1. Show me the ranking of peptides 42-50, 103-111, 85-93, 115-123 by mean Cβ neighbours inside 10 Å, starting with the highest.
2. Once label points are set 7 Å from the Cα along Cα→Cβ at both D74 and N137, what is their separation, rounded to one decimal in nm?
3. Ratio of Rg to Rh for the chain, alpha carbon only, Kirkwood?
4. Among I16, I58, I94, determine the one that fluctuates most according to a GNM of the chain built with springs between C-alpha atoms less than 10 Å apart.
5. Taking the chain as a Gaussian network, Cα atoms linked when under 10 Å apart, which of A79, A127, A19 shows the biggest mean-square fluctuation?
6. Give me the net charge of E61's neighbourhood, meaning all other residues with Cβ under 11 Å from the Cβ of E61; Lys, Arg count +1, Asp, Glu -1.
7. If you take the charge dipole of the chain about its Cα centre, with +1 on Lys and Arg Cβ and -1 on Asp and Glu Cβ, which of G6, L120, T81 is farthest toward its positive end?
8. What FRET efficiency do you get for A11 and S91 if R0 is 35 Å and r is their Cβ-Cβ distance, rounded to the nearest 0.05?
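Bear in mind these aren't lab numbers, they're just calculated from the coordinates by the rules spelled out. The shown structure was predicted, so the numbers you read here are calculated from the model rather than taken from an experiment. Quick reminder, even Gly has a Cβ in these numbers, built from the backbone with ideal geometry, and neighbours come from all protein chains shown.
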Amino acid sequence: MATKKGIILTAIILGIITAASFSLWLIPQHANSGPLISDYHGELESIKERHGIIINEISDELNNMLGGSLSPDDFITRAQTSSSQVDSLLSEIIESRAPQEWRESYLNYGEALKKYNDYLTETIVIANKVKGNVSINDLQDELQKLDSVKKESEAYAIKANETKP
């Protein structure tokens, strides 16, 4: 049979555990738990370098697909992977919490990444048309649109360089 002393001790222990649980739940967590960046120039250059690698790979793969040495399905898979990588780079831009003097440059490069994702979407549209046996000659309008979207992305990247502190 439980003693009065044992019941009180158990109630106190349960009260302490409950209070500790609620205090952990109620105390706000640190909102700035993202990566701490001290070299904003180096971080932006790293993002640009990785983006450049993606650009070169997709350019080569698109030429291979249009030349017939890469299947449209393989190209689509690679373009979707590249789009995910660009999304990751965009997340790094957003989560960097760049200070005021870097903000415009970071925002412009973020726009460059968004436009490049639009470019990747257009390449997938073209790949689907190639898969549907549309000839390359019939894709001239789409290829011109594709080039236009790529130039918009490049323009934002140039603007990002121009707005560096």
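1. Numbers: 42-50: 15.2, 103-111: 19.6, 85-93: 17.8, 115-123: 21.3.
Per-residue Cβ counts within 10 Å, averaged per peptide and sorted highest first, yield 115-123, 103-111, 85-93, 42-50.
2. Result: 2.7 nm between the two label points.
3. On the way: Rg = 26.1 Å, Rh = 19.5 Å.
The Rg/Rh ratio comes out at 1.34.
4. Looking only at I16, I58, I94, the biggest GNM fluctuation is shown by I16.
5. Of the options given, A19 has the highest mean-square fluctuation.
6. On the way: positive: R78; negative: E57, D60, D74.
Within the 11 Å Cβ shell, the charges total -2.
7. G6
8. Details: r = 48 Å, r/R0 = 1.37.
Once rounded, the FRET efficiency stands at 0.15.
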